[in-house]
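One structure is given below, encoded as structure tokens.
The values are calculated or read from the model by the stated rules, or taken from the named source; none is laboratory data. The structure presented is a predicted model; accordingly, all values stated were derived computationally and were not measured. Backbone-built Cβ (ideal geometry, glycine too); neighbour counts: all protein chains shown. Ligands, DNA and RNA are excluded from the accessible area calculation, which covers all protein heavy atoms including side chains. Shrake-Rupley method; radii C 1.70, N 1.55, O 1.52, S 1.80 Å.
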Amino acid sequence: MEPRVAPIDATLGAVVTGLTLARMDALTWTMVERAFHEHAVLVFPGQHLTEAEQVTFANRFGEIELLAPDPAQKAVAISNQKPDGSVMGADEHRYKTLRGNEGWHTDSSYMPLAAKASVLSAQVVPSAGGETEWADMRAAYDALDEATRRRIAGLSAHHSLYHSQAKIGHVVQTGAGYGYHTKGAPLRPLVKVHPVTGRPALFIGRHAYSIPGLEEAESEKLLSDLVDFACRPPRTYAHRWQPGDVVIWDNRCVLHRARPYDYHETRVMRHTRVAGDPATELAPTAPDHRAGAYEPSASNR
């Protein structure tokens, strides 16, 4: 079979078939990279990648962002299953982190160096629910009225994982996991120009807060209104996972969120994150009052 890229019925996303991600030649890779920049979300059904194969695929897009203390661990589980096979309880830290992921966000915007791309694969899926949904921030910016474009031009917002988790009642101590750091809250423009395509896109989501120059209530309302406007059809796509599916998306122009499911059932996903280019994804930071200290750094480690 020849590789086939079939656009999804939304402003973003395509389903790619007729290839094996673990064995791509140069021509096929060029096609995949081109489709990634055009569609921002690529779905590869039934690939059943091993962990090493997934890391190798992600590595084609750039350096791996290390999410675990062990630098040899380049993929992490996103799962409600504990090592003994049981499922997490609602009072556990990791469970609350998973529930936080049900808010629209972009990966690592709360780190000095935001992520370029994310790869997610499905191992065990629940009987219903548990989809992942994406929203097109390029099309969202295009759909804004001119007054809103003028209003947000030049505005920036801080990003913090402490902040987004606190909004759902999860107050986290510094050092409790990746993202709960002392490097400060990055300040990122509300409008991001994609470094490859040149298309402007909204750069918002649940981690964003405290727009300099605006009162807290005004800042919160503007950010909330933008997310509410942006994350609507035809700019959204929800993927119903099957074991073996692989999806990659562009964090520079797409928001995503997890969808709820029966948390008594097991859901096991594997996540690999591609680090951003410091030339375009590194941001200055300011003190985050929820963190235990402020130790500025240009590194995520």
Q: Could you please let me know if V268 is buried (at least 21 other Cβ atoms within 10 Å of the Cβ), among the hydrophobic types (A, V, I, L, M, F, W, C) and touching a residue at least 60 places away in the same chain (Cβ under 8 Å)?
A: no
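Every residue, every condition in (1) modelled with pLDDT under 95; (2) open to solvent by less than 20 Å² (accessible area, probe 1.4 Å); (3) out of contact with any Lys or Arg (no Cβ under 7 Å at 6 or more places or on another chain), yes or no:
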{"site": "Q81", "(1), (2), (3)": "no, no, yes"}
{"site": "V87", "(1), (2), (3)": "no, no, yes"}
{"site": "H93", "(1), (2), (3)": "yes, no, yes"}
{"site": "R99", "(1), (2), (3)": "no, no, yes"}
{"site": "H105", "(1), (2), (3)": "no, yes, no"}
{"site": "S108", "(1), (2), (3)": "no, yes, no"}
{"site": "S118", "(1), (2), (3)": "no, yes, no"}
{"site": "S121", "(1), (2), (3)": "no, yes, no"}
Q | Where a residue in the range 199-228 is over 17 Å from S160 (Cα atoms) and its partner, wherever it lies, is of a type in the set (D, E, K, R) and modelled with pLDDT of 95 or more, with Cβ under 6 Å and at least six apart | A | R199/R138; A201/R138; A201/K192
Q.
I need the strands (runs of 3 or more DSSP E) fully contained in the range 211-265, keeping only those with at least 3 residues that are more than 24 Å from P45 (Cα to Cα).
A. none
Q) Just wondering, is there one or more residues in the range 22-40 that are touching a residue at least 60 places away in the same chain (Cβ under 8 Å) and either within 28 Å of T266 (Cα to Cα) or over 21 Å from the mean Cα position of the chain (by Cα) (or both)? A) no
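Open to solvent by 50 Å² or more (accessible area, probe 1.4 Å), in contact with a helix residue (DSSP H, G or I) (Cβ under 7 Å, 6 or more places away or on another chain) and touching a residue at least 40 places away in the same chain (Cβ under 8 Å), is that true of P195?
yes
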